[in-house]
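**Student:** One structure coming up, written as structure tokens, with questions to follow.
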Amino acid sequence: MRRLLFATSLILFGCPSKPAAPPPQTYVPETTTPPTTEPPVTETTAIVIDDVGSVVTGSDVTISFRTNVVASTSVDYGVAGFTEHAGAAALVKDHSVDLHGLAEGSYIYKVTATAGTRTLSDDNDGHGYSFRVAVAPKISAVAAAVNGNDVTITWKTDLASTSLVEAGFAAYDLLSSDDGALVTDHELTLNVATPGKYKFRVVSIDKDGDLAQDEGHAFEIVQQPAQPLGTMGNPIPIAAATLPASFTDNTRSTVSSPSNAIDSYPPATQNEKGPEYVYKIVLTKAAKLTATISDGAGVDIDIHLLNALNLGSRTQTLLNALASMRHDYSLANVALTAGTYYLVADTYGTDSSKAGAYTLSVQLQAQGSTGSTGSTGSTGSTGTCTDSTRPTPNGVPTEVDNGNGCPPGMLAVNGAFCIDQYEALLVGLDASNNPFPWSPYSNPGTQKTKALSVANTVPQGYINKTQAKAACINAGKRLCTATEWMRACRGSQSFTYPYGNTRQPGVCNDARAVHPAIEYFGSSDPAVWSKIGHPCINQLPDSLDRTGQNSGCESEDHPFDMMGNLHEWIEDKTAAGHGIFKGGYYVDTSINGNGCLYQTTAHGESHWDYSTGFRCCATLP
């Protein structure tokens, strides 16, 4: 942006409007190419202001700009308006003002240059330029206490913030635990199965999304004595690598069980204080489980289904905290996502008087396809989908006006901004801006497109940040800032996940046992990763879901699928100029942060693959 002032008059144009959304921490101004020859500078030469920008370092900010003539420097800035002033009288062309010790917040500013009787201010067309000062929490008193295979890690922060621990041998990639509650005294416990010396780090994020981490700490797990088969420390395995699978155990009696460590299974209220046997199932894909248990006269063995073991506790919570996951005789057609589960055959009563022999039978059947494209004729990995298979299942749908003052298809969040209710789809625009169907499995290239947000549609993958930003603009919207995106996903209570602070596997489209590229190409050869723009990847069963299909994956203000399904590009970028996409996707929602905290920063803004999508934001009218 350039500003011209002629010596004879000063005319400023512009209408007041709300300040623009905060840009990334490091602002990279648009550059202009200087003329090959400069005209002579005289007392009547118009002042030109160029290259206005700001660089934030902690609580210090440097504001800079250039003028075509030597002039003094002035900066007016503030949180709610231009309430503060700084400057320098020296006459220069390269202007720089340092501001120190600023409080956390979003600021606007304008710059002014004065040369003799000539003065020119640049306030970005009345919006003001902007920067944000972020104050991350300060971490202290990090400690680890080891008790057998459990490690309790504690630390403090000066600001209320979330809790995350990550641990491993060479990298922080093997173990993690998190809590989205905003606290200053943090405590998390890891259950570590493999002995060894681990290093760990703690991470805390405050309500504004500012992150602090403290790494390089260590703990050691010492080899524990081997546990007898059938205990919580060494469950009996039930093979489920291939489906269907069947398992029968009729050789055991709880009279001789090596374990009497569990007394109850909330929310069920029955006493189960007699001895038990523990079984373990590892599923690599979704399945339906049927389990039955039979016993003899005077014997009472009940069956319980769990998705975690709380070692050292005499209380174990049933799967999904449902009392129906405990039964006297059978569990029928229980739908399970990929993951680890435990069946416990436990003796009913307050003692071992009803212990005895039993027979446990388990059947596991593969679930049918639940992917979004399965209902629209997905070709899957059967070989009938090729590079030219690019259907247009969405047509040209109509966005719904939600009656909240926002554009159609959008929701009002906290009375501050609007956001698409669903991940965006694309329609193409012809030369007259008439819409036509666009395939959600095809990168738009240079085709002009428009973003729409509509329920029960296939959202657009295969898109880079530049293309996503243009599609939002063509819809009268824009990409979301990091602050807007995080507020919409986490809600007013800053949850880790859209639905709360405890992960609920399968509520969102948040995990997949086999990487879809490996599944489609039938190989794990590294060459596969050069082909992840193939349109058939998102047409596999159990891959991309339609918008709003996961009814429980809804944040406080009612946007859907901000965790999982597709990565979502945002407006911000890293100091190195990389793009940022958030929320994870249908293969993973934990490696780069859990749920709403998931953030990928490894790619440039021109990157796209099957997993990259977006949604738009807008200023609330």
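The values are calculated or read from the model by the stated rules, or taken from the named source; none is laboratory data. Note that the structure is predicted; figures quoted are calculated from it, not measured. Cβ: placed from backbone, ideal geometry, glycine included. Neighbour counts: every protein chain shown. We work out accessible area using only protein heavy atoms, side chains counted, and drop any ligands, DNA or RNA first. Shrake-Rupley method; radii C 1.70, N 1.55, O 1.52, S 1.80 Å.
**Student:** Testing ALA618 on (1) at pLDDT 95 or above; (2) assigned to a loop (DSSP other than H, G, I, E, B), one condition comes back false. Which one is that?
**Tutor:** (2)
**Student:** Restricting attention to the stretch 212-228, report how many residues are surrounded by fewer than 15 Cβ atoms within 10 Å (Cβ to Cβ) and of a type in the set (A, V, I, L, M).
**Tutor:** Result for the stretch 212-228: 3.
**Student:** If you don't mind, there's one more thing I want to ask. Of all residues in the stretch 194-211, which are within 14 Å of SER176 (Cβ to Cβ) and open to solvent by 50 Å² or more (accessible area, probe 1.4 Å)?
**Tutor:** LYS199, ARG201
**Student:** When the residues of the stretch 396-412 are filtered to those that are at positive phi and surrounded by fewer than 13 Cβ atoms within 10 Å (Cβ to Cβ), which remaining residue is modelled with the lowest pLDDT?
**Tutor:** My answer is GLY403.
**Student:** For the stretch 51-86, what are the residues that are out of contact with any Asp or Glu (no Cβ under 9 Å at 6 or more places or on another chain) and part of a strand (DSSP E or B)? Give the steps one after another, and end with the answer.
**Tutor:** The first filter runs over the stretch 51-86 and keeps only residues out of contact with any Asp or Glu (no Cβ under 9 Å at 6 or more places or on another chain), leaving 53-58, 69-74, 79-81.
Listed by number, the residues that qualify are GLY53, SER54, VAL55, VAL56, THR57, VAL69, VAL70, ALA71, SER72, THR73, SER74.
**Student:** Give all pairs with beta carbons closer than 9 Å in which a residue from the stretch 481-497 that is buried (at least 20 other Cβ atoms within 10 Å of the Cβ) meets a residue that is assigned to a helix (DSSP H, G or I) and charged (D, E, K, R); count only pairs at least 6 apart in sequence or on separate chains.
**Tutor:** SER494/ARG487; THR496/ARG490; TYR497/ARG490
**Student:** Residue by residue through the stretch 546-560, note down the ones that are touching a Phe, Trp or Tyr at 6+ places or on another chain (Cβ under 7 Å) and open to solvent by less than 10 Å² (accessible area, probe 1.4 Å).
**Tutor:** The answer is THR547, CYS553.
**Student:** So, in the stretch 270-286, exactly how many residues are of a type outside the set (A, V, I, L, M, F, W, C) and either open to solvent by 70 Å² or more (accessible area, probe 1.4 Å) or part of a strand (DSSP E or B) (or both)?
**Tutor:** 7
**Student:** Check ALA297 against each of (1) closer than 30 Å to ASN147 by Cα; (2) assigned to a loop (DSSP other than H, G, I, E, B); (3) open to solvent by 50 Å² or more (accessible area, probe 1.4 Å); (4) of a type outside the set (S, T, N, Q) and name the one condition it does not meet.
**Tutor:** ALA297 satisfies every listed condition except (1).
**Student:** If I ask for residues that are surrounded by fewer than 17 Cβ atoms within 10 Å (Cβ to Cβ) and of a type in the set (Gly, Ala, Ser), which ones from the stretch 178-193 would you list?
**Tutor:** ALA181, ALA193
**Student:** Still on this model: Could you go through the stretch 154-171 and let me know if any residue there is farther than 30 Å from GLY595 by Cα, surrounded by fewer than 19 Cβ atoms within 10 Å (Cβ to Cβ) and of a type outside the set (Phe, Trp, Tyr).
**Tutor:** No, the conditions are met nowhere in the stretch 154-171.
**Student:** May I pose another question? Residues in the stretch 448-475 that are at pLDDT 95 or above and on the phi > 0 side of the Ramachandran plot: how many?
**Tutor:** The total comes to 1.
**Student:** Further question on the same structure: Among the numbered criteria (1) farther than 29 Å from ASN149 by Cβ; (2) in a strand (DSSP E or B), which one does ASP346 miss?
**Tutor:** Unmet for ASP346, out of (1) farther than 29 Å from ASN149 by Cβ; (2) in a strand (DSSP E or B): (1).
**Student:** Also, I was wondering about something else. Filter the stretch 422-480 down to the residues that are assigned to a strand (DSSP E or B) and open to solvent by less than 20 Å² (accessible area, probe 1.4 Å) and list them by number.
**Tutor:** LEU425, LEU426, VAL427, GLY428, LEU429, THR449, ALA451, LEU452, LEU479
**Student:** Can you tell me which condition GLY78 does not meet? The list is (1) under 21 Å from ASP210 (Cα atoms); (2) touching a residue at least 40 places away in the same chain (Cβ under 8 Å), and all the others hold.
**Tutor:** Status for GLY78: all satisfied but (2).
**Student:** Would you tally the residues in the stretch 589-621 being crowded, with 17+ Cβ neighbours inside 10 Å, of a type outside the set (Gly, Ala, Ser), within 26 Å of SER163 (Cβ to Cβ) and touching a residue at least 24 places away in the same chain (Cβ under 8 Å)?
**Tutor:** 6
**Student:** Still on this structure, I have one more. Here's a check for you: in the stretch 93-105, which residue that is assigned to a strand (DSSP E or B) and open to solvent by less than 50 Å² (accessible area, probe 1.4 Å) is nearest to ASP51 (Cα to Cα)?
**Tutor:** HIS95
**Student:** May I ask you to list the residues in the stretch 574-590 that are in contact with a Gly (Cβ under 8 Å, 6 or more places away or on another chain) and part of a loop (DSSP other than H, G, I, E, B)?
**Tutor:** GLY577, HIS578, GLY583, GLY584, TYR585, TYR586, THR589, SER590 - these are the residues of the stretch 574-590 that are in contact with a Gly (Cβ under 8 Å, 6 or more places away or on another chain) and part of a loop (DSSP other than H, G, I, E, B).
**Student:** Exactly one of (1) over 25 Å from ALA575 (Cβ atoms); (2) surrounded by 11 or more Cβ atoms within 10 Å (Cβ to Cβ); (3) at pLDDT below 95 is unmet by ASP76. Its number?
**Tutor:** (3)
**Student:** Suppose we keep only residues that are exposed (fewer than 15 other Cβ atoms within 10 Å of the Cβ) and at pLDDT 90 or above within the stretch 230-245. Which one would you say is nearest to LEU309 (Cα to Cα)?
**Tutor:** Applying the filter and picking the extreme gives PRO237.
**Student:** For the stretch 79-92, what are the residues that are open to solvent by less than 80 Å² (accessible area, probe 1.4 Å) and within 21 Å of GLY116 (Cβ to Cβ)?
**Tutor:** GLY87, ALA88, ALA90, VAL92
**Student:** Mind checking whether some residue in the stretch 218-230 is in contact (Cβ under 8 Å) with a residue 60 or more places away in the chain and under 17 Å from ALA357 (Cβ atoms)?
**Tutor:** So far as the stretch 218-230 goes, no, none of its residues is in contact (Cβ under 8 Å) with a residue 60 or more places away in the chain and under 17 Å from ALA357 (Cβ atoms).
**Student:** So, in the stretch 133-146, how many residues would count as being open to solvent by 40 Å² or more (accessible area, probe 1.4 Å) and either touching a residue at least 24 places away in the same chain (Cβ under 8 Å) or closer than 21 Å to GLY58 by Cβ (or both)? Break it down stepwise before answering.
**Tutor:** Restricting attention to the stretch 133-146, the residues satisfying the condition of being open to solvent by 40 Å² or more (accessible area, probe 1.4 Å) are 135, 138, 140-141, 143-146.
Add one more test, that the residue is either touching a residue at least 24 places away in the same chain (Cβ under 8 Å) or closer than 21 Å to GLY58 by Cβ (or both), and what stays is 135, 138, 140, 144, 146.
Final tally of qualifying residues: 5.
**Student:** Being of a type in the set (Val, Ile, Thr) and either farther than 16 Å from CYS617 by Cα or touching a Cys at 6+ places or on another chain (Cβ under 8 Å) (or both): is that true of VAL458 here?
**Tutor:** Against the criterion (of a type in the set (Val, Ile, Thr) and either farther than 16 Å from CYS617 by Cα or touching a Cys at 6+ places or on another chain (Cβ under 8 Å) (or both)), VAL458 qualifies.
**Student:** Let me ask something else about it. Quickly run through the stretch 383-415 and pick out the residues that are touching a helix residue (DSSP H, G or I) at 6+ places or on another chain (Cβ under 8 Å) and either free of Cβ contacts under 8 Å to residues at least 24 places away in the same chain or part of a loop (DSSP other than H, G, I, E, B) (or both).
**Tutor:** Result: CYS385, THR389, PRO391, PRO393, ASN414.
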